[in-house]
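Undergrad: The structure follows.
The values are calculated or read from the model by the stated rules, or taken from the named source; none is laboratory data. Since this is a predicted model, take the numbers as computed values, not measurements. Cβ sites come from the backbone with ideal geometry, for glycine too, and all protein chains shown count toward neighbours. For the accessible areas, the whole protein counts, side chains as well, though only heavy atoms, and no ligand, DNA or RNA atoms are used. Shrake-Rupley method; radii C 1.70, N 1.55, O 1.52, S 1.80 Å.
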Amino acid sequence: MPRAVKQTRADALRETLADEIISGVLAPGARLDETGLADRFKVSRTPVREALKQLAAAGLVSIQAHRAAEVVTITTERMSEMFEARAELESLCARLCALRMTPLERRRLERLHQRCGDQVRSGDIERYHATNGDFHTAIYQGCHNSVLAEMAGGLRRRLSPFSRAQFRGPGRLAGSFGEHAAVVEAILRGDAEEAYRAMHRHVAVVRQAFSDYAAGIATQGGQTTRASSLQTSSIGPE
């Protein structure tokens, strides 16, 4: 049975607002007032406040005392630096996994990869995104270096809104699954250098896929379409 994707109201708010920021519906400098957002999504201010904190941690909004949060300008240089750092950290994790993963951890990684395959076949982006997170976490844990795992996990959480967006690109779920397959195969046969290279290729493709997705939104006039659909969205009753 597929695992249910569990989301808090704060998580759902964060994802909706992140989508709006990434797509340009919420432009740099846009004010995110807690009361206004609570009214819009029909929730209390508590999940709104938590969602804004998560967006600030991801570098998408700025929060200052006694002022409404504001959408920040995301520079291409900053994005490039974050993806570059993620590629190096995760590739090192994959290399160490090939050398250090226990048999139990290897079997769990295989199961997560198989679950991703099921979700590719069903076209379930949200479930794939959740399982993809578990897959990468298994690699952080399997490297058996707590400092490295903490650094890689923290950076991945910051980039999560961008990684999630790229799954909407055509053929991206299948592409991601194929890239994971190369990583898993290298880890299972204990090929540390190929595991490093396969993970590095994967993160490079994620970075390019997000860039293509963002460019496609701008080229196709996606702001207007997404603004129309998202402005009427609701997270659900409190």
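Undergrad: Using a 1.4 Å probe on the protein heavy atoms only, what accessible surface does residue 107 show? Give it in Å² to the nearest 10.
TA: Approximately 120 Å² for this residue.
Undergrad: Separate question: Normalising by the residue count of region 1-87, find the relative contact order in percent from Cα pairs under 8 Å and 6+ residues apart.
TA: Details: 74 pairs, mean separation 25.9, N = 87.
Relative contact order of region 1-87: 30 percent.
Undergrad: Whenever you get a sec, compute what percent of the accessible area on the chain sits on carbon and sulfur atoms (1.4 Å probe).
TA: Values: 6240 of 11790 Å².
Result for the chain: 53 percent of the exposed heavy-atom area is carbon or sulfur.
Undergrad: With a 10 Å radius around each residue's Cβ, average the other Cβ atoms per peptide and rank 195-207, 26-38, highest first.
TA: Working: 195-207: 21.0, 26-38: 15.0.
Sorting 195-207, 26-38 by mean packing, highest first, produces 195-207, 26-38.
Undergrad: Report, in degrees rounded to the nearest 10, the 0 to 90 angle that the Cα long axis of helix 192-219 makes with the longest principal axis of the chain.
TA: It works out to around 20 degrees.
Undergrad: Now for a different question. With a ≥ b ≥ c the root eigenvalues of the C-alpha gyration tensor of region 134-216, is it rounded (a/c under 1.5), prolate (a/b larger than b/c) or oblate? Each step should come with its number before you reach the end.
TA: Working: a/c = 2.41, a/b = 1.40, b/c = 1.72.
Verdict is oblate for region 134-216.
Undergrad: Right, another one. Hey, what number do you get for the chain at 222 nm if only DSSP H runs of n ≥ 4 count, each worth -39500 (n - 2.57), divided across all residues, to the nearest 500?
TA: Computed ellipticity for the chain at 222 nm equals -24500 deg cm²/dmol.
Undergrad: Using the alpha-carbon atoms, what tilt in degrees (0 to 90, nearest 10) does helix 172-188 show relative to the longest principal axis of the chain?
TA: The answer is roughly 30 degrees.
Undergrad: Could you report region 95-185's accessible area per residue, 1.4 Å probe, as an integer in Å²? List each step's numbers first, then the result.
TA: Details: 4050 Å² over 91 residues.
Each residue of region 95-185 exposes 45 Å² on average to a 1.4 Å probe.
Undergrad: Moving to a separate point now. Across region 52-58, in residue order, what do the Karplus-derived ³J(HN,Hα) couplings come to in whole Hz, using 6.51 cos²θ - 1.76 cosθ + 1.60 with θ = phi - 60° and x for Gly and Pro?
TA: Per-residue couplings from phi come out as 5, 4, 5, 5, 5, 5, 7 Hz.
Undergrad: Mind pulling the angle between the C-alpha long axis of helix 103-122 and the longest principal axis of the chain? Nearest 10 degrees, somewhere in 0 to 90.
TA: 50 degrees
Undergrad: Taking amide H positions as placed in the peptide plane 1.01 Å from N, state which residues far from residue 32 in sequence (5 or more) or on other chains have amide H under 5 Å from it.
TA: 69, 70, 71
Undergrad: With a ≥ b ≥ c taken as the square roots of the eigenvalues of the C-alpha gyration tensor of region 1-92, please select rounded if a/c is under 1.5 and otherwise prolate if a/b is larger than b/c or oblate if it is not?
TA: Working: a/c = 2.19, a/b = 1.23, b/c = 1.79.
Judged from the Cα gyration tensor, region 1-92 comes out oblate (a/c at least 1.5, b/c at or above a/b).
Undergrad: Next question. Under the classification rounded if a/c is under 1.5, otherwise prolate if a/b is larger than b/c and oblate if not, where does region 63-164 fall, given a ≥ b ≥ c as square roots of the Cα gyration tensor eigenvalues? Working shown, then result.
TA: Working: a/c = 2.38, a/b = 1.49, b/c = 1.60.
Since a/c reaches 1.5 but b/c is at least a/b, the shape of region 63-164 is classed as oblate.
Undergrad: OK, next. Just going by the charge dipole of region 22-147, with Lys and Arg at +1 and Asp and Glu at -1 on Cβ, which of 137, 68, 35 is farthest out on the positive end?
TA: Sorting the options by dipole projection puts first 137.
Undergrad: Placing +1 at every Lys and Arg Cβ and -1 at every Asp and Glu Cβ, with all other atoms neutral, what dipole size does region 124-195 have around its Cα centre, in debye to the nearest 20?
TA: Numbers: 8 positive and 9 negative charges, 85 e Å.
That gives a dipole near 400 debye.
Undergrad: Now for a separate question. Output wanted: per-residue J couplings in Hz (rounded whole) for region 74-86, from phi through Karplus 6.51 cos²θ - 1.76 cosθ + 1.60, θ = phi - 60°, x for Gly and Pro.
TA: 9, 7, 5, 5, 5, 4, 4, 5, 5, 5, 4, 5, 4
Undergrad: I need the peptides 90-96, 71-77 ranked by packing, meaning the mean over residues of other C-beta atoms within 10 angstrom, with the highest value on top.
TA: Working: 90-96: 23.7, 71-77: 12.7.
So the peptides 90-96, 71-77, ranked by packing, come out 90-96, 71-77.
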